[in-house]
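Working notes, beginning with the structure itself.
The values are calculated or read from the model by the stated rules, or taken from the named source; none is laboratory data. For clarity, every value in this text was computed on a predicted model and none was experimentally measured. When we count neighbours, we look across all protein chains shown, and the Cβ atoms used for this are built from the backbone with ideal geometry, even at glycine. Side chains included, ligands, DNA and RNA excluded: accessible areas come from the protein's heavy atoms. Shrake-Rupley method; radii C 1.70, N 1.55, O 1.52, S 1.80 Å.
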Amino acid sequence: MENKILVAIFSASGVTKKVGEEIARIAGADFYEIVPKEIYTSADLDWMNKKSRSSIEMNDSSLRPEIKGGVADMASYNTLIIGFPIWWGMAPRIIDTFLESYDFSGKKIIPFCTSGGSGIGRSDIALHKDVSDNVKWEKGVQINSPNEAKIKKWLEKVL
């Protein structure tokens, strides 16, 4: 069976999107951008403001921001590369929304993050709760720029 790959990313500032597009190009994968139903404004992303939308979401693990649209045929993919920025040491809650929206049974999930400070930490492991137990997880990595050589080397290890 062919290894059909989807690169799905959430990007608030565009950094994760650039990296995800390069991963998809190199891997010969389809690309999907996870777009929130309500786009984040710069005020929403103000991590210094405890009342900003992102701060509220990250302080309540039960919140699930809505996604605009969806992947038409998730069942046709057997590998998901999922990318996200690190917010408060974790994946944004919209990644939980995305993972909880599909059945990933028997699939491989490969997380990557972008971050101006911290690495992926335990954020990829925290996402395991959002999917069934029979998903094969690869260890998450931090990739902050669309560096072709680095991405190729990483993909050779995880695909």
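At-a-glance table
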| item | result |
| --- | --- |
| Cα-derived Rg over Rh, computed across segment 75-159 with Rh taken as Kirkwood radius | 0.95 |
| Antiparallel %, DSSP beta bridges [both residues in the chain], to 5 | 15 percent |
| Point-to-point label distance, L155-W137, nm (Cα→Cβ direction, 7 Å offset) | 2.4 nm |
| Using distinct alpha-carbon pairs, which all enter the 1/r mean, Kirkwood radius of the chain in Å | 15.8 Å |
| Distant-in-sequence amide H partners of K4 (H built 1.01 Å from N, under 5 Å) | N78, T79 |
| GluC sites (Glu not before Pro) within segment 26-61: DSSP coil, no more than 12 neighbouring Cβ in 10 Å | E38 |
| Selection from A27, I109, I143, by position along the positive dipole direction of the chain (Cβ) | I143 |
| Under 17 Å from K136, Cα to Cα: lysines that are on another chain or at least 8 residues apart | K4, K107, K108, K157 |
| Solvent-accessible area, 1.4 Å probe, carbon plus sulfur percent, for segment 21-121 | 50 percent |
| Accessible solvent surface per residue of segment 45-159, calculated while the other protein chains remain in place, 1.4 angstrom probe, Å² | 52 Å² |
| Relative contact order for the chain, counting Cα pairs under 8 Å that sit 6 or more residues apart, in percent | 24 percent |
| Rounded accessible area of K68 (nearest 10 Å², 1.4 Å probe) | 130 Å² |
| Mean Kyte hydropathy of 0.0 or more with a Cα span along the axis of at least 20 Å, helices from DSSP in the chain | none |
| Theoretical FRET efficiency, 1/(1+(r/R0)^6), r = Cβ-Cβ of A72 and N3, R0 22 Å, to 0.05 | 0.70 |
| Sequence-separation-based contact order of segment 20-84, relative, with Cα cut under 8 Å and 6+ spacing, percent | 29 percent |
| Charge dipole (debye, nearest 20) of segment 35-82; +1 at Cβ of Lys and Arg, -1 at Cβ of Asp and Glu | 100 debye |
| Pairwise FRET efficiency - S61 versus R25, Cβ, R0 = 35 Å, nearest 0.05 | 0.55 |
| Exposed-loop-free span, longest in the chain, where chymotrypsin sites (Phe, Trp or Tyr not before Pro) count as exposed if DSSP calls them loop and at most 15 other C-beta atoms lie within 10 Å | 89-159 |
